[in-house]
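A short write-up of the structure that comes next.
The values are calculated or read from the model by the stated rules, or taken from the named source; none is laboratory data. What you see is a predicted model; the values in this text were computed from it and never measured. Positions of Cβ are backbone-derived with ideal geometry, glycine not excepted, and every protein chain shown enters the neighbour counts. Surface areas here come from the heavy atoms of the whole protein model, side chains and all, with no ligands, DNA or RNA. Shrake-Rupley method; radii C 1.70, N 1.55, O 1.52, S 1.80 Å.
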2 protein chains.
Amino acid sequence: MSAEGPTPVILKLGGSAITIKNRPLTLDKRAINRLAGEIKQADMDSLVIVHGGGSFGHWVAEKYDITDGYKEESQILGFSKTHQAMTLLNKQVVDSLISRSIPAVAISPASMIATKSGRINIMEERPLRNLLELGFTPVLYGDAVSDTQTGFNILSGDQLVVQLAIRLDAERILIGADVDGLYDADPKTSQSARLISHITLPQLMKLQEEIAKPSTMDVTGGMFGKVLELLPVLDLGVQVIIANAREPGTIYKALKGETVGTLIEKGEQTETLY
Amino acid sequence: MSAEGPTPVILKLGGSAITIKNRPLTLDKRAINRLAGEIKQADMDSLVIVHGGGSFGHWVAEKYDITDGYKEESQILGFSKTHQAMTLLNKQVVDSLISRSIPAVAISPASMIATKSGRINIMEERPLRNLLELGFTPVLYGDAVSDTQTGFNILSGDQLVVQLAIRLDAERILIGADVDGLYDADPKTSQSARLISHITLPQLMKLQEEIAKPSTMDVTGGMFGKVLELLPVLDLGVQVIIANAREPGTIYKALKGETVGTLIEKGEQTETLY
């Protein structure tokens, strides 16, 4: 079990891409089965999957008011139920992968991670790394985890993806979203919004300045906040691709290295955006 | 979140006490609901639960021939399925505890532990400890885990119980079995078999010598092998109680410190056995 081997790709499957948004605790079985098929077809040497909470984790966390961390003892059972909802979603995702003969292994963030004021502080990734090197596909998720400062906390899949990429020396992060990629304006409200096909870190920082201007919310349709979480890995030279997991075939193409969605990398200021 | 607080009790629920032995992947719902009620009634300040595999983990591990560790690539999917079977059993146990308002949190051994040649080598218990100190009841299980020497391995709930007791500074280990305790002969074949109500470490070592004589198998009805795994904690002064989890009320009594089953402790050579 050497530490060598192929560099892993980290695939994030957004909660909105695998669950039915407005129906509590409902997996989008068709979507996850199709994605499992695309992942099987891509036949990756080294792959880690992280999925979001969608109508499982987020719904339960909001119902029991634990989104902002521990405040009072009555929340305790809500934390238990949120973690339990996420293990249920994870079970269904892993079962679907296994049914396609992908050797997926459920890895529970609350079991190996503690945050401190919301940021990952303790993280034991060696068991996961052992499994990855043996040919398994670890499957993690955004989760309710303990926090050494605030008691507990909701750890986002995006923060987890970044730490995994750093600790596992990942080559690429692929964000499977419910939109086509990063836009220069909100495609839902602006007809002139254009999909950015390639953006570099300096260009991203410039875009951030524009977005941070008063009175403009996240004009890119919600994707920009997620991208900001990824800055540390971009700086390390990890490529980030945002692609539409709702569009059949796109995740397969992205896993195989074909051009889809938005590619974000360290790069120079001068490259073209579209 | 200080490191102080009440010393935890570790409750092991044997797979044969919570599943239906000869029916694959079948929880004994009545048994686990009753046990959840007894645990709720005992109202423990600090409790960790570890359950066995029963007709879930053992059955799948045998079906896919992974009991003796990694031998060839075709076993990979069997490992995935074994871990998945255990997360399913664990989910049902945790759901039952939560339905009794016990703030149970599923903790996945494969996510935080790696063995080396079958013995626990890497173990990150801090997230679990954080949760325990907040008032949660972590629920772990015997699991398929990675092994830095042999690839992977089946980690017994008994080995896990010992490491948890050491690392969490436990006061007592309570083994919920499907027998009344430790016998001086096999109660299923010997009419003269007597339940040992109290045995000390020196007496246990003496019993071991007798049992190790050629041609005698484990004459105590299978319990003795489990007890040998517990020697390191006995030496540290942790009390071990073996009690019948199949007998209603017994786990409640044992949790409350009442005399049931067999008490094993460090003690002296001279104490009485019965």
Open item on the list: Out of the strands (runs of 3 or more DSSP E) lying entirely within region A:50-159, which hold 3 or more residues that are modelled with pLDDT of 95 or more, within 11 Å of chain B (Cβ to nearest Cβ) and open to solvent by 10 Å² or more (accessible area, probe 1.4 Å)?
Closed with: A:119-123
Open item on the list: Pull out all pairs, ordered by first then second residue, where Cβ-Cβ is under 7 Å, the residues are six or more apart or on different chains, the first lies in region A:180-208 and is at positive phi, and the second is among the small types (Gly, Ala, Ser).
Closed with: A:181/A:243; A:181/A:261
Task: Condition check for residue A:191: under 15 Å from residue A:10 (Cα atoms) and either of a type in the set (Ser, Thr, Tyr) or not in a strand (DSSP E or B) (or both) - done: no
- [ ] Kindly provide the set of residues from region A:227-256 that are more than 22 Å from residue A:156 (Cβ to Cβ) and modelled with pLDDT of 95 or more, ordered by number.
- [x] A:247, A:248, A:249, A:250, A:252, A:253, A:255, A:256
- [ ] Could you tell me whether any residue of region A:191-211 is at pLDDT 90 or above and under 28 Å from residue A:87 (Cβ atoms)?
- [x] no
